[in-house]
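In what follows, a structure is listed as structure tokens, so that the remarks can point back to it.
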Amino acid sequence: MKRFVAIMAVVLLAISTTGASAATKVTITPQNKVSKKNPVITVKLSGLPTTHGLYLSQCMAPKLKGEAPAACNPAKASKLWVSALAADQQMGATAPTGKVTMKLDKYFKNGDCVHTKCVIYVTNDHNASSDRSEDQLIPFKFGGLLPF
């Protein structure tokens, strides 16, 4: 029985490791001290999907783990469509190479990122909208304040 449990643990670990590595790696700079005067972040992406792109949005963090954000910034500058596909780029998607930047807002309709927790919400674009495998929440803070 112990041997069976050990084998199952190894199998489950291998499965979960494979699933976790499928997601695109997204990092933002700065993450802990976004300037209040010039709130622009640099986004670095690696391992982008080859069949579709990603949307990145500034949002209020969801209240419960595993949920999608309910309130996102409606400003166009606080949203980003990134895709490695030439057809998507011809329709306005940003190429994932070079310097990719995103402007954030301290406050937006239904959002306060100075006093509450906000995130960059990463999700698959319209070409794979029902696939939640790329969903990520990347927290950020303005001016090094710790609102959470």
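Please treat every number below as a calculation from the coordinates, not as lab data. Quick caveat, the model's predicted, so the values are computed rather than measured.
Give the cross-link partners of Lys33 among the aspartates and glutamates, using a straight C-alpha distance below 14 Å as the criterion and excluding same-chain residues fewer than 8 apart.
Filter leaves Asp105.
Kindly work out what percent of the DSSP beta bridges joining two residues of the range 12-141 are antiparallel, to the nearest 5.
95 percent
Would you please give the residues with an amide H less than 5 Å from that of Phe108, counting only those at least 5 places away or on a separate chain, with H modeled from the backbone geometry?
So Phe108 has HN proximity to Cys113.
For the range 24-140, what's the relative contact order in percent, using C-alpha pairs closer than 8 Å and at least 6 residues apart?
30 percent
In whole Hz and in residue order, list the ³J(HN,Hα) couplings for the range 125-137 that follow from phi through the Karplus curve 6.51 cos²θ - 1.76 cosθ + 1.60, θ = phi - 60°; x for Gly and Pro.
7, 4, 6, 8, 5, 8, 8, 9, 5, 9, 4, 9, 10
What is the distance in Å between the Cα centres of the range 79-125 and the range 46-62?
Taking the Cα centre of the range 46-62 as reference, the centre of the range 79-125 is 8 Å away.
Relative contact order for the range 62-110: what percent, with Cα pairs under 8 Å and sequence separation of 6 or more?
It rounds to 38 percent for the range 62-110.
Based on the alpha-carbon gyration tensor of the range 98-148, what equivalent-ellipsoid semi-axes (square roots of 5 times the eigenvalues) come out, in whole Å, largest first?
24, 14, 11
Determine how many Å³ per residue the convex hull of the Cα atoms of the range 13-115 encloses.
Here the figure is 135 Å³ per residue.
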